[in-house]
Structures are given as structure tokens and as C-alpha cells.
Amino acid sequence: MSKQFAVIGLGRFGSSIAKALYDLDHEVMAIDVDEEKIQENLNNVTHAVQADSTDEVALKSLGIRNFDVVVVAIGQDIQASILTTLILKEMGVETIVVKAQNQLHAKVLYKIGASKVVFPERDMGIRVAHLLVTPNILDYIELSDEYSIVEIISSEKMAEKTLLELNIRARFGCSIMALKNNDYINVAPSANDKIHEGDIMVVIGHKNDLRRFEEFVMNGK
């Protein structure tokens, strides 16, 4: 079902998320104070509007309260980010997702009513670090400070063994949510399902447990 999104701030993160939402067939209004950035994004969104998001009157005139989700992707100007979030909250916007620069910024945003705070640079840094350190890892998603989901390619020594034989949950405290290969995806595999060499395992667990499991996949230990 199509939703209505507004994205405020068209830096790299804002323009990227606006285009991605638009490509997924959602209605997207992009807002930035810089006319040049508006012109750059005209073809990647439904509407692109030059406006100052710290101006409550301007935001009201855009009908921003009617959007399902508003993403505040303002870059370096922390004051503008906080003020914009506060105005959106007071206007009754239901879901407000805000890009934060640091933990203190995030703390303030949550206190004034942000629904979700994201750290795109930090999260991408963590993700890339894992991809670099463990060659078998295809993707890494941090769910919280303690738990993550990882996509990891099975190794030769795991091939043709069942999940019961490998006993991953008991040995490592991790759960395999799905097995993927070119021609199939097995969601919630059973204990008797076999892992084939080259299968992509979608695994969830505590970070420490995932680290031990990654080492087992790589080194058999």
C-alpha cells in the first residue's frame, strides 16, 4: 500500500532516501531551503519544494501534518534539526524519523518527540567494518546495541549437514531465520533441513554469539 512521505533536507542521505521511497512507488515530497538541491531532485520525487523547515507557517502551508512519515535528514545544522522536529511534533505529525549527528543530539530528539533516530554514517561504518573483516558476510544489520542480523555464506565444512547436526542454536546461541540460494529461499528452516555449500544463511543473535559463529564458519572453530 502506497504511503505519503516527506523528506526534509536533501543532502546525500536525504536525497538517497527520498529517491528510494519514490522508486518503491510511494508519494514523496522533498523539502530543502536550497533551490539548487530542489532542482537536482525534481525527477526523483513526486514534489520538490523550496522551504525553510524551521518556519512553522511554511510547513503548515505544505500540509505536512497529512503525511504518514516525515524524515528529517538535515545535515550539519543540529539546531535546525531539533527545531524542525519540535515543530513537526507540535503540529501532530504521527511518525517523525530524524538523522542524528551524535548520541547527545539523539537524546534531545527523543525527548522532544522523534519516533525514531538514525545514524546513517555510524551504521554504515559498522556495516562496512564487518564486511571487511569477515569475507563470508554479505550484509550486517544492527538491531540494537546488543543484537544484529547477519547474512553469511555457508562454508564447505557445513555442506549437506542438517541444522540438527550442526546444532547452531545450542552451540552458538544464534538462530537461522532463513536459507537462501539462487533458485530458492527457505524461511524458518526446520531442524532436518540441510545446508548446501554456498547457501546464504540469515542469522539473528547477540553480537558476541554472532562473532563466535562467524569464526566457526570461517575457521571451523
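Some notes on this structure:
- Lysines with Cα under 25 Å of K99, excluding same-chain neighbours fewer than 8 positions away: K3, K19, K37, K60, K89, K107, K111, K116, K207
- Taking label positions 7 Å along the Cα-Cβ direction at both N192 and D77, the computed distance is 6.3 nm, reported to one decimal.
- Computed from the C-beta positions of N167 and K116, the FRET efficiency with R₀ = 45 Å rounds to 0.80.
- Listed peptides 143-153, 121-131, 91-101 by packing density, highest first (mean Cβ within 10 Å): 91-101, 143-153, 121-131
- Each label point was placed 7 Å from the Cα along the Cα-to-Cβ direction; for D139 and R65 their separation is 3.8 nm.
- Each Cα pair under 8 Å and six or more residues apart adds its sequence gap; the mean of these over the residue count of the chain is a relative contact order of 13 percent.
- By the helix-only formula, in which each DSSP H run with n ≥ 4 contributes -39500 (n - 2.57) and the sum is divided by residues, the chain has a 222 nm mean residue ellipticity of -10500 deg cm²/dmol.
None of the figures in this text is laboratory data; all of them are computed from the coordinates on show. Since we're looking at a predicted model, the values are computed, not measured. With ideal geometry, Cβ positions are generated from the backbone for all residues, glycine too; neighbour counts draw on all protein chains shown.
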